[in-house]
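The values are calculated or read from the model by the stated rules, or taken from the named source; none is laboratory data. Keep in mind that this is a model prediction, so the values were computed, not measured. Ideal geometry is used to build each Cβ from the backbone, glycine not excepted, and the neighbour counts take in all protein chains shown.
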Amino acid sequence: MTVFNPRTDLPALRERLEAHAGLRIACYCAAWCDTCTQYRPAFEELARRMPEALFLWIDIEDDPEWLGDEDVENFPTLLLQDQGGTRFWGTQLPHIQHLERLARAAGSMPPVDAGPGDLKEFMGAAA
């Protein structure tokens, strides 16, 4: 499955985000971050193994509007949300197994009042 980048895949991302009712997983990163560079192949592989989820790779410097009022100080910072709201917002160790376990449990997690907001709301700002 594709990992969408708002900068390069905006039309396809817009279409998929509007139609997608399942789990959305966004990794907030920075091009200069070595940890992000090393984490990305595993993130992309997880996207292939979990085609039911929508994966986004968001560079906080290229696309800061996808952060809302939030700041990212550590990487990787992850956002997991679904129709019920944000299920996780925060930094995790860069071990893809942690994200995979979190993603598989997300539906049973209560919504949290944290994070940048619904990803669908950022589509207008990215136009």
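Among the residues of region 1-60, those identified as touching a helix residue (DSSP H, G or I) at 6+ places or on another chain (Cβ under 9 Å), acidic (Asp, Glu) and part of a helix (DSSP H, G or I) are Glu18, Glu45.
Residues of region 110-125 that are of a type in the set (A, V, I, L, M, F, W, C) and surrounded by 15 or more Cβ atoms within 10 Å (Cβ to Cβ): Leu119, Phe122, Met123. Using the structure shown, decide if Ile96 is surrounded by 12 or more Cβ atoms within 10 Å (Cβ to Cβ) and either of a type in the set (Lys, Arg) or out of contact with any strand residue (DSSP E or B) (no Cβ under 6 Å at 6 or more places or on another chain) (or both). Yes.
Here is a check on your reading of the model: is Pro64 under 24 Å from Arg7 (Cα atoms) and either of a type in the set (D, E, K, R) or in contact with a helix residue (DSSP H, G or I) (Cβ under 7 Å, 6 or more places away or on another chain) (or both)?
Against the criterion (under 24 Å from Arg7 (Cα atoms) and either of a type in the set (D, E, K, R) or in contact with a helix residue (DSSP H, G or I) (Cβ under 7 Å, 6 or more places away or on another chain) (or both)), Pro64 does not qualify.
Among the candidates Asp34, Asp63, Asp71, the residue that is farther than 15 Å from Lys120 by Cα and modelled with pLDDT of 90 or more is uniquely Asp34. For Thr91, indicate whether it is farther than 23 Å from Leu17 by Cβ and either surrounded by 13 or more Cβ atoms within 10 Å (Cβ to Cβ) or at pLDDT below 95 (or both). Taking the combined requirement at face value, the residue satisfies it.
Is it the case that region 25-44 has a residue that's surrounded by 14 or more Cβ atoms within 10 Å (Cβ to Cβ), more than 16 Å from Thr77 (Cβ to Cβ) and either hydrophobic (A, V, I, L, M, F, W, C) or in contact (Cβ under 8 Å) with a residue 24 or more places away in the chain (or both)?
Looking through region 25-44, at least one residue is surrounded by 14 or more Cβ atoms within 10 Å (Cβ to Cβ), more than 16 Å from Thr77 (Cβ to Cβ) and either hydrophobic (A, V, I, L, M, F, W, C) or in contact (Cβ under 8 Å) with a residue 24 or more places away in the chain (or both).
Output yes when any residue across region 75-82 is surrounded by fewer than 16 Cβ atoms within 10 Å (Cβ to Cβ) and either among the basic types (Lys, Arg) or more than 22 Å from Asp113 (Cβ to Cβ) (or both), and no when none is.
no
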